[in-house]
Amino acid sequence: MNNDYDLIIVGAGLAGNCLALALKDSGLRIALVEAASRSQLHDSPAGDRALALAAGTVELLRALNAWQNAADKATAIRHIHVSDRGHFGKARLAADDYAVDALGYVISARDIEDEVATCVETCGITCFYQTRVVGTLSAHDEIHVSLKRGESSINLSAKLLVGADGGQSSVRKLLDIPQRATDYGQTALVTTVQASLPHHNTAYERFTSQGPLALLPVAGKQLSVVWTRQHEQAEDLMMGGEADFLAELQACFGYRLGELRLTAPRRAFPLSLICAERMVSGRSVIIGNAVHQLHPVAGQGFNLGIRDVAHLAELLNQQHRQQGDIGESALLNRYARQRQRDHDRTIGFTDNLVRIFSNEWLPLAALRNTGLTVLDHLPFAKRLLAHHAMGFAQTRPLEAGILHKRRSDNS
């Protein structure tokens, strides 16, 4: 076996697989390494979670030919309704106002992960499943990666190592990259409900003093629930019966969609803001959740990771076409500087939403509700918010370059 590659990607989740797809026609020799098996990835409880994909993210997935077969399993978000419980302020967005089919889409993580993984496996990229990274060593012109598969050891070398292996990234730990963590004191309660009234493809974001409540439209009259509560209250809701849980959820959301009933198990996830202190170390770079884990408010985490993928893929494509070294420090540091701006904007936006809307101090409540009301009546401000929700406000020319190239290839 030839163990020399140009690029080794660790993590066969959405970020790692999408990066492999974005580079499949580049001429780079790519190896994809994943600690789990395909069946373990498919059966993971994390696959049940609903992902809110921004329209810009879907455009990138479509450009990678990773959306077409998954589209039938997704539900379009054609309206967004933002409100503040117990107050008058609200803001509403509609896809028709911006001449788009949808502001975004909701799909289960399992459905889109399976589709992307299938695309990778059919395009000839070498995949090492059930294989762990146990060591790395950066040399002057390559990086050596030690792997373990069962009792067997495998040694690979490449110009560049990319860690796309999630929040518990082995690559980040091996590179000794520290993290900064902020505990929000909140837990996300995740489930699915059936409403007695149709949702009309509307996503609801309702802010409360305990944290935001999101109801995302899925098939039929069902909605995916992401309900943020303080730790103690979340624990009580998880320990109580379904009737008590539903009664509290109904009181929090109201009866806009009629009566709600549970159609899926309840799950709980503690929430923190976690950011790696750097993205680059030697001939290695980390992307996606290996770098940043955000509060689920506004559904920005996965979309931010996909923009990491698109930006890095375009830089690597350019470098390889110019016969340059894809692992050189100047290139990787340029990537990190350019991505840091988007990270700072998106993380700041998400963090401020949590802090501003999880606060019942009367002057602040009055100010934010006035802001929502003014926003709802200012077309220019609503357009900025819509572009942010669709993921277009953060898209840079490099990401757009992937879209242009793929569209040209498919025309």
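The values are calculated or read from the model by the stated rules, or taken from the named source; none is laboratory data. Keep in mind it's a predicted model, so treat the numbers as computed, not measured. As a convention, Cβ positions derive from the backbone with ideal geometry for all residues, glycine included, and neighbour counts pool all protein chains shown.
One table, with the values for the structure above:
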read-out: Test set (1) out of contact with any Phe, Trp or Tyr (no Cβ under 7 Å at 6 or more places or on another chain); (2) in a strand (DSSP E or B); (3) within 30 Å of D6 (Cβ to Cβ) - R307 fails condition number; value: (2)
read-out: The range 201-213: number of residues that are part of a loop (DSSP other than H, G, I, E, B) and in contact with a Pro (Cβ under 8 Å, 6 or more places away or on another chain); value: 1
read-out: Hey, C252 over 24 Å from the mean Cα position of the chain (by Cα), in contact (Cβ under 8 Å) with a residue 24 or more places away in the chain and on the phi < 0 side of the Ramachandran plot or not; value: yes
read-out: Residues of the range 124-151 satisfying the condition of being touching a residue at least 60 places away in the same chain (Cβ under 8 Å), more than 15 Å from A20 (Cα to Cα) and β-branched (V, I, T); value: T131, V133, T136, I143, V145
read-out: All positions within the range 152-178 that are part of a strand (DSSP E or B), in contact (Cβ under 8 Å) with a residue 24 or more places away in the chain and either over 21 Å from G13 (Cα atoms) or of a type in the set (G, A, S) (or both); value: I154, N155, S157, A158, G163
read-out: Residue, farthest from G327 (Cα to Cα), within the range 253-284, restricted to residues that are of a type in the set (V, I, T) and in a strand (DSSP E or B); value: I274
read-out: Of the criteria (1) surrounded by fewer than 21 Cβ atoms within 10 Å (Cβ to Cβ); (2) closer than 27 Å to A71 by Cβ; (3) of a type outside the set (A, V, I, L, M, F, W, C), which one S152 fails; value: (2)
read-out: Hits in the range 36-59 - residues which are assigned to a helix (DSSP H, G or I) and over 21 Å from V190 (Cβ atoms); value: R38, S39, A55, G56, V58, E59
read-out: Residue that is under 24 Å from the mean Cα position of the chain (by Cα), more than 15 Å from A35 (Cα to Cα) and not in a helix (DSSP H, G or I), where the choices are I112, I107; value: I107
read-out: Single match in D325, D308, D244 (criterion: among the charged types (D, E, K, R), under 21 Å from T192 (Cβ atoms) and out of contact with any Ser or Thr (no Cβ under 9 Å at 6 or more places or on another chain)); value: D244
read-out: Residue match in the range 72-79 (condition: touching a residue at least 40 places away in the same chain (Cβ under 8 Å), hydroxyl-bearing (S, T, Y) and either out of contact with any Lys or Arg (no Cβ under 9 Å at 6 or more places or on another chain) or surrounded by fewer than 18 Cβ atoms within 10 Å (Cβ to Cβ) (or both)); value: yes
read-out: One residue from A55, A74 being under 21 Å from L215 (Cβ atoms), modelled with pLDDT under 90 and within 16 Å of the chain's Cα centre (by Cα); value: A55
read-out: Residue list for the range 214-236, restricted to those being in a strand (DSSP E or B), of a type in the set (A, V, I, L, M), within 19 Å of G185 (Cα to Cα) and more than 18 Å from the chain's Cα centre (by Cα); value: none
read-out: Only one of R307, R283, R278 that is of a type in the set (K, R), within 28 Å of V225 (Cβ to Cβ) and either surrounded by fewer than 21 Cβ atoms within 10 Å (Cβ to Cβ) or in contact (Cβ under 8 Å) with a residue 40 or more places away in the chain (or both); value: R307
